Amino acid sequence: MAELLKVDNLRAGYGEAVVLNDVSLSLGEGETLALLGRNGTGKTTLMDTLAGATRQHGGQIFLGGQPLHTLPSHERAAAGIGWVPQERNIFKSLTVHENLTAVARPGRASRAWTPERVYEMFPRLAERKTNLGTQLSGGEQQMLAVGRALVLNPRLLLLDEPLEGLAPIIVEELLRAIARITREEGLSAIIVEQHPQAILKISHRAVVLDHGNVVHASDADTLRQNPELLDSLLGVARKL
């Protein structure tokens with residue numbers, strides 16, 4: 001499997017504060033990585049850093065061999081980073097359809113992501129395509145945030161706690177969609193989530209952070225099938 005993402009000795013944080021300490025990891029084309037850890041261990045900082053939203057103090061980031069660490073966030077998006085932050089960042093004054101068409105970028109593949117394919121993935125959005133962002137539920141806003149990232153036709157999708165605060169029925173719907181996007185469509189992804197068992201089921205590999213350091217890296221099934229190890233790394237494992 002060809003290497004898509006390479007992170008080498010990454011040090012980053014906010015202003016002068018360093019949160020990540022010499023983080024190194026890699027991800028292959030078509031792989032999904034579960035990024036786990038207790039609250040405050042650097043998971044969101046790593047996602048923000050990959051997207052270009054923090055101050056980098058050292059190390060390198062490559063996507064498909066192209067250096068990203070010298071690029072601003074908008075150029076990283078153009079290079080193939082699709083980012084869904086915790087805040088979602090949809091345009092609340094625009095309709096669902098306007099949110100999707102405003103950022104859509106043509107894809108190279110025959111199965112490129114378009115607003116129409118997003119509606120196929122999330123029928124709720126198709127039903128609400130003329131609704132403003134302010135008129136959507138939290139779950140619908142999250143679906144729209146994922147859809148906005150997809151129509152950029154990224155090479156790597158970053159999902160930061162996509163299930164947080166959502167009703168169980170919406171969680172199941174989003175999990176099915178994420179599994180289809182990654183497992184069936186083959187889009188590489190890194191997923192931060194507080195429901196480790198749910199995400200490990202649809203991931204290929206797992207990395208655990210603690211105090212800004214990588215403390216565990218393995219294939220996802222190995223960690224999922226070892227609850228004692230998972231418990232020791234994360235505390236009480238949450239099951240979904």
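Here, each number is a calculation from the coordinates, and none is a lab measurement. It should be emphasised that the depicted structure is a prediction, and the values quoted were computed from it without experimental measurement. Cβ sites come from the backbone with ideal geometry, for glycine too, and all protein chains shown count toward neighbours.
Here are some notes:
- Surrounding net charge for GLU161, when Lys and Arg each add one and Asp and Glu each subtract one, Cβ distance under 11 Å: -2
- Potential extension, ARG180-ARG38 segment - 0.36 nm per residue separation minus Cα distance: 48.4 nm
- Between THR222 and GLU3, the FRET efficiency from the beta-carbon distance, with R0 = 22 Å, is close to 0.60.
- Whole-angstrom gap from the range 67-132 to the range 196-226, using each part's C-alpha centre: 27
- Sparsely packed loop sites in the range 69-115 (the trypsin sites (Lys or Arg not before Pro) outside DSSP H, G, I, E and B with at most 12 other Cβ atoms within 10 Å) comprise ARG108, ARG111.
- Label point distance in nm, LYS92-HIS57, each placed 7 Å from Cα along Cα→Cβ: 3.4
- Helical mean residue ellipticity (222 nm; -39500 (n - 2.57) per DSSP H run of 4+; nearest 500) of the chain: -9000 deg cm²/dmol
- With the simple spin-label model, which puts each label point 7 Å out from Cα in the Cβ direction, the ALA17 to LYS129 separation comes to 4.4 nm.
- Under DSSP loop assignment and at most 12 Cβ neighbours within 10 Å, longest GluC sites (Glu not before Pro)-free interval of the chain: 88-240
- Summarised as an ellipsoid, the chain has semi-axes of 27, 21, 17 Å, derived from the eigenvalues of the Cα gyration tensor scaled by 5 and square-rooted, with the largest first.
- Loop-located trypsin sites (Lys or Arg not before Pro) in the range 147-240, at most 13 other Cβ atoms within 10 Å (DSSP): ARG238, LYS239
- Placing +1 on the Cβ of every Lys and Arg and -1 on the Cβ of every Asp and Glu, with no other charges, gives the chain a dipole of roughly 460 debye about its Cα centre.
- Note on ASP210 and GLU75: their simple-model spin labels are 3.8 nm apart, each label 7 Å out from Cα toward Cβ.
- Under 5 Å, built H, 5+ apart or other chain: amide partners of ASP210: VAL215
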